[in-house]
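Throughout, read-outs are computed from the coordinates displayed, never taken from laboratory work. Keep in mind that this is a model prediction, so the values were computed, not measured. So basically every Cβ, Gly included, is an ideal-geometry build from the backbone, and we count neighbours across all protein chains shown.
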Amino acid sequence: MKINLRNIISKLEQSVEDITALQTSHYPRNLLKINEVLGWGVPEEDLLENVDEVNEWVDKLKKLTPDTRKIFVIMLERSIPKRDWTMIPLDEVQIVTTLDFPEFKKHFNFLQRYGFIGDAYRTEEGNMCDLGRFSTDWAFWEELKKFTQKTTFSLDEIIVNLNFSVLD
């Protein structure tokens, strides 16, 4: 039996693809719902200025796998608010996800690369990192967490499923 190496290589090449390219997302258009739920009182025209920045972050999330986005959700859920920033307890997140260090580090590196989290550092409480902020210094992720606490929407639905249209 003769094996055609070219056919095997061709089939292998066709089976490898970027799974993130197939993901669909639902972008917000006006942020009216989050404005109402959190009582911001921001005029609609001002909200529209923020929509583009939110959508840029949705595009960054689309570059991540659902598993990495789920790690980010767990980080948000376990985050520790401080006066001017939010810390993420990395040791705790690694333990609750049951990921070994090399696997956890891969997810961490992707989240850091796209600006969702900062560099890791050591404190008395363990390894930490800071939650990323928008270029306008808007603490959007913290606000999104508050939004989910006051509504029936979950961080999973919004971040993992890329359904940011619920913010309208």
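Okay, here's what the table says:
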| item | result |
| --- | --- |
| Per-residue [θ]222 nm for the chain (sum of -39500 (n - 2.57) over DSSP H runs n ≥ 4, rounded to 500) | -14500 deg cm²/dmol |
| Relative contact order, percent, region 24-167 [alpha-carbon distance under 8 Å, six or more residues apart] | 34 percent |
| Burial ordering of VAL54, VAL37, fewest other beta-carbon atoms within 10 Å first | VAL37, VAL54 |
| Options (i) 63, 17, 10; (ii) 25, 18, 16; (iii) 33, 23, 13 - which one matches semi-axes √(5λ) of the Cα gyration tensor in Å as calculated here | (iii) |
| Set of aspartates and glutamates with alpha-carbon distance to LYS105 below 15 Å, sequence-local pairs under 8 removed | ASP67, ASP91, GLU92, ASP119 |
| Cα centroid separation - region 22-40 against region 79-112, whole Å | 25 Å |
| GNM top mover of PRO81, PRO28, PRO66 - the chain, alpha-carbon springs below 10 Å | PRO81 |
| Loop GluC sites (Glu not before Pro), region 18-126, which have at most 13 other Cβ atoms in a 10 Å radius of their Cβ (DSSP) | GLU124, GLU125 |
